[in-house]
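A.B. asks: One structure follows; several queries about it will come next.
Just so it is clear, none of the values below were taken in a lab; they were calculated from the coordinates. These numbers were taken from a predicted model, which means no experiment stands behind them. Methodologically, a virtual Cβ is constructed for each residue, glycine included, from the backbone with ideal geometry; neighbour enumeration extends over all protein chains shown.
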Amino acid sequence: MTAAISARDLRKRYGDVHAVDGVSFEVRAGEFFGLLGPNGAGKTTTLEMVEGLRRPDEGRALLLGEPSWPRNPGLLRRVGVQLQASAFFEKLTAREQIRTFASLYGVADERADAMLAEVGLAEKAGTREDRLSGGQAQRLSIACALVHDPELVFLDEPTTGLDPQARRNLWDLLRGINAAGRTVVLTTHYMDEAEVLCDRVAVMDAGRILRVGPPAELAAELEADSLEDVFLQLTGREYRE
Amino acid sequence: MKPFASLSKAMALGLLRDRASVFFILVFPLMFLALFGALFKDAGVSRATVVQVGAVEVLDEMPPKQRAALDDVLEIDRSGNRAEALEKVRDGDADAAVWEEPGGRVQMRVSAADPVQAGNVGGVLRSIVDRASIAATGQPPAYTLTGGQVEDESLEAIQYFTPGLLGWAVAMGGVFSAALGLVNWRKKRILRRLWLAPVRAGPVICARLGVNMLLAFAQTAIFLLVATVPYYGLRLTGDWWLVIPLVACGSLAFVSVGFAIGAWAKTEDAANGLAQIVVLPMAFLSGSFFPLDAAPPWVRSISEALPLKHLVQAMQDVLTRGGSWSDALPAMGIMLLTAAVFTALAHRLFRWDAT
Ligand SMILES: Nc1ncnc2c1ncn2[C@@H]1O[C@H](COP(=O)(O)OP(=O)(O)O)[C@@H](O)[C@H]1O
Ligand SMILES: [Mg+2]
């Protein structure tokens, strides 16, 4: 069975900054995979190269067995992406947003409305994008990424900035997505989140992957009590911006 | 819905729900039309003022119809005192003073301060006197001259302002909505999101263009409706409907200019600033707000190089001067050329990301 994702030696530089400095990893179909790391570790850049949004300086990524760069519309139909900052059309309501995105994939309005209900936003369908709460906006953004029923879903820090209730609420949603058979890749800097959700995590810092494995194994290997301790042990305790 | 239709709808709603852009793009030019039309309502024909002292038979005995025609060009005030009348002419309050002396000798005095107006008044009065003399002989005149002005309609302000301001409105709507729309979509990461969807650039660009053309057509319809109400009194000539393809081509050209600005600008403020710098001087130099007939030659040669000048002129020709295809086609060609140049420029400058 082909891996859902196979990334080989990805590198990206911005001037003197090695944003991503030789990253390789594989994700199996149906897996819930986490990219864990402090701010600036290179998670977003890695994800964007894997998705085919940015051209890697070196290395390449295969999604579902096909290269993600150059842009491949056939592949894009099978992949769903939630960008780090939500990308919404200005002044449009939740329903109008998701229907617009649905149309780009040839998906009917009814299916878009059903997706909105699935993330619990049926009552907010008529609310404009800028009047949704943080959690509602994230759920809408995820719904827009899922509207065409992709096999592979990328979520970049979906829970950052949410209150605890909204985070728990979103976890249930993400578990459901994975349980429905989709491969999910998520970036986060919350340990509890990775521990609860992910089958495997890759701990990243300074553009490199430091360790990959199931959260419990990593903790055992490093004789740490929790993933949080693993993380601190691997990435250091100094304060970061 | 197809991507083209749904993206058009998303753009149109985004635009129409933004009060500032509706005001700026649709209402603002209309306010100018209403205001300029009213301010310059009677400014088209500059009538000469003549002070008539006492009775002057050729003027007093004029048939009412001729008298009405005369009123279009001459305003005749009456005065009982010749010295006072001459004083008015000297001060520039009147252009000429006339009185009649025994033996049918009509005397006229003008001021040398305004020789053009003096010449006009002289010509008009002389023709009145000549006609009266011929009529007095009881013979039909041996020679007659019938004439009119080539651009007899275009003297009125509304005939000038409607196409001029409409051209400005089309340019402004195209440049601003395309430039700000592109920067906004980049800033809000919608461009990135579209990259990740199986949609091609064609429907995205055509949606912007389509929305803008519809807006420009709506603007044209409103302009023509307002300008033709009796208060403003716009009179359309023959093939005025050629304004529709002209507006379509103009919209294409100025949306391209807007794309180039939006591709270059990193922020909405920068896009807004550059769009202002482009549109406003261009509108002034293209004769959108006032005629450039009296402008120095170097100004007029700059103006010739501006696409808006050709659009405004062609719209004037077809709307109010009886122009037809031969006036519209060259301007359409210039608009399409402008569109090609700026689309290529936009393509070179285009960026997906703000950083
Ligand atoms: N477009 C860009 N231009 C310049 N530097 C960038 C750009 N994107 C990211 N970087 C830099 O690359 C590094 C990794 O960033 P990013 O992938 O966003 O990290 P993370 O998502 O883990 O917070 C950071 O140092 C960031 O400043
Ligand atoms: Mg990030």
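A.B. asks: Relative to the compact-globule scaling 2.2 N^0.38 Å, provide the ratio for the alpha-carbon radius of gyration of region B:102-240.
C.D. replies: Here the answer is 2.03, to two decimals.
A.B. asks: Which of B:Ile134, A:Val230, A:Thr159 sits farthest toward the positive end of the charge dipole of the protein assembly as shown, with +1 on the Cβ of Lys and Arg and -1 on the Cβ of Asp and Glu?
C.D. replies: Of the candidates, A:Val230 comes out farthest on the positive side.
A.B. asks: I would also like to ask the following. What are the ³J(HN,Hα) couplings of region A:44-53, residue after residue, when phi is run through the Karplus curve with 6.51, -1.76, 1.60 and θ = phi - 60°? Round to Hz, x for glycine and proline.
C.D. replies: These are the phi-based 3J(HN,Hα) values: 4, 4, 4, 4, 5, 6, 5, 5, x, 7 Hz.
A.B. asks: Which of the pairs A:Lys12/B:Lys9; A:Lys91/A:Lys124; B:Lys187/B:Lys309; A:Lys43/A:Lys124; A:Lys43/B:Lys187; B:Lys41/B:Lys309 have their Cα atoms more than 26 Å apart in this structure?
C.D. replies: A:Lys12/B:Lys9; B:Lys187/B:Lys309; A:Lys43/A:Lys124
A.B. asks: Once you charge only the Cβ atoms, +1 for Lys and Arg and -1 for Asp and Glu, what is the size of the charge dipole of region B:1-119 about its Cα centre, to the nearest 20 debye?
C.D. replies: With Lys and Arg at +1 and Asp and Glu at -1, about 1160 debye.
A.B. asks: Restricting attention to the alpha-carbon atoms of region B:76-123, what are Rg (one decimal) and Dmax (integer), both in Å?
C.D. replies: 10.7, 30
A.B. asks: Once the Cα atoms of helix B:243-264 and of chain B are each reduced to a long axis, what angle between those two axes, in degrees from 0 to 90 to the nearest 10, is obtained?
C.D. replies: Tilt of helix B:243-264: around 50 degrees.
A.B. asks: For region B:169-307, with only Lys/Arg (+1) and Asp/Glu (-1) charged at the beta-carbon, what is the dipole magnitude about the Cα centre, in debye rounded to 20?
C.D. replies: Charge dipole, region B:169-307, about its Cα centre: 840 debye, nearest 20.
A.B. asks: Right, here's the next one. Compute the longest continuous run of chain B that contains no exposed GluC sites (Glu not before Pro); treat a site as exposed when its DSSP state is not H, G, I, E or B and it has at most 13 other Cβ atoms within 10 Å.
C.D. replies: After excluding every exposed loop site, the longest remaining stretch is B:152-355.
A.B. asks: A further question follows. Please state the charge dipole magnitude for chain A, taken about the Cα centre, from unit charges on C-beta atoms (+1 on K and R, -1 on D and E), reported in debye and rounded to the nearest 20.
C.D. replies: For chain A, the charge dipole is close to 800 debye.
A.B. asks: On a full-extension model of 0.36 nm per residue, what is the gain between B:Ala20 and B:Val299, subtracting their alpha-carbon distance, rounded to one decimal in nm?
C.D. replies: Residue separation times 0.36 nm, minus the Cα-Cα distance, leaves 97.1 nm.
A.B. asks: Let me know the whole percent of all Cα-Cα pairs from region A:91-188 that are separated by more than 16 Å.
C.D. replies: Above the 16 Å cut-off, region A:91-188 has 53 percent of its Cα pairs.
A.B. asks: Could you give me the radius of gyration and the Dmax of chain A, taking only the C-alpha atoms into account and expressing both in angstrom?
C.D. replies: 17.7, 52
A.B. asks: For region A:1-65, with equal point scatterers placed on the C-alpha atoms only and solvent neglected, what are the log10 I(q)/I(0) values from the Debye formula at q = 0.17, 0.23 1/Å, to two decimals?
C.D. replies: -0.56, -0.97
A.B. asks: Measuring from label point to label point, each 7 Å out along Cα→Cβ, what is the A:Asp225 to A:Asp172 span in nm?
C.D. replies: A separation of 3.0 nm, rounded to one decimal place.
A.B. asks: Taking H as built 1.01 Å from N, whose amide H comes closer than 5 Å to the amide H of A:Arg211, not counting residues under 5 places away?
C.D. replies: A:Val203
A.B. asks: Further, regarding this structure: Tabulate in residue order the Karplus-calculated ³J(HN,Hα) for region B:165-170, using 6.51 cos²θ - 1.76 cosθ + 1.60 with θ = phi - 60°, rounded to whole Hz; enter x for Gly and Pro.
C.D. replies: Listing the rounded values in order: 6, 5, x, 4, 4, 5 Hz.
A.B. asks: Can you tell me, using C-alpha contacts under 8 Å and at least 6 residues apart, the relative contact order of chain A as a whole percent?
C.D. replies: 26 percent.
A.B. asks: Here is a follow-up. Taking the mean number of other Cβ atoms within 10 Å as a proxy for protection, how do you rank B:128-135, A:51-58 from highest to lowest?
C.D. replies: Those peptides, ordered most packed to least, come out A:51-58, B:128-135.
A.B. asks: Pairing the Cα long axis of helix B:115-137 with the longest principal axis of chain B, what angle in degrees results, from 0 to 90 and rounded to the nearest 10?
C.D. replies: Orientation of helix B:115-137: about 50 degrees from the principal axis.
A.B. asks: Can you list, bin by bin at 10 Å, the percent of alpha carbon pairs in region B:48-137, starting at 0?
C.D. replies: Histogramming region B:48-137 at 10 Å steps yields 17, 53, 28, 2 percent.
A.B. asks: Based on the mean of other Cβ atoms within 10 Å per residue, sort peptides A:93-105, B:282-294 so the most packed one is first.
C.D. replies: Result, highest mean first: A:93-105, B:282-294.
A.B. asks: Let me ask something additional. Rank A:Val201, B:Ala340, B:Ala271 by how far each Cα sits towards the positive end of the charge dipole of the protein assembly as shown (+1 on Lys, Arg Cβ; -1 on Asp, Glu Cβ) and give me just the farthest.
C.D. replies: Positive-end residue among those listed: A:Val201.
A.B. asks: Residue by residue through region A:192-204, what is 3J(HN,Hα) from phi via Karplus (6.51 cos²θ - 1.76 cosθ + 1.60, θ = phi - 60°)? Round to whole Hz and write x for glycine and proline.
C.D. replies: Each residue of region A:192-204 in turn: 4, 4, 4, 4, 6, 9, 8, 6, 9, 10, 10, 8, 10 Hz.
A.B. asks: Please state, rounded to one decimal and in Å, the Kirkwood hydrodynamic radius that the protein assembly as shown gives when every pair of distinct Cα atoms enters the mean of 1/r.
C.D. replies: It is 29.5 Å.
A.B. asks: Kindly put A:Arg8, B:Arg193 in sequence by how many other C-beta atoms sit within 10 Å of each C-beta, fewest to most.
C.D. replies: Fewest-to-most ranking of A:Arg8, B:Arg193: A:Arg8, B:Arg193.
A.B. asks: A:Leu53: net charge of surrounding residues, Cβ under 11 Å, Lys/Arg +1, Asp/Glu -1, itself excluded?
C.D. replies: +2
A.B. asks: Right, another one. Find which of B:Pro230, B:Pro281, B:Thr49 sits farthest along the positive direction of the dipole of the protein assembly as shown, computed with +1 on the beta-carbon of Lys and Arg, -1 on that of Asp and Glu, about the Cα centre.
C.D. replies: Farthest towards the positive pole: B:Pro281.
A.B. asks: Taking Cα atoms, how many degrees apart are the long axis of helix B:64-73 and the longest axis of chain B, rounded to 10 and kept between 0 and 90?
C.D. replies: Roughly 60 degrees between the two axes.
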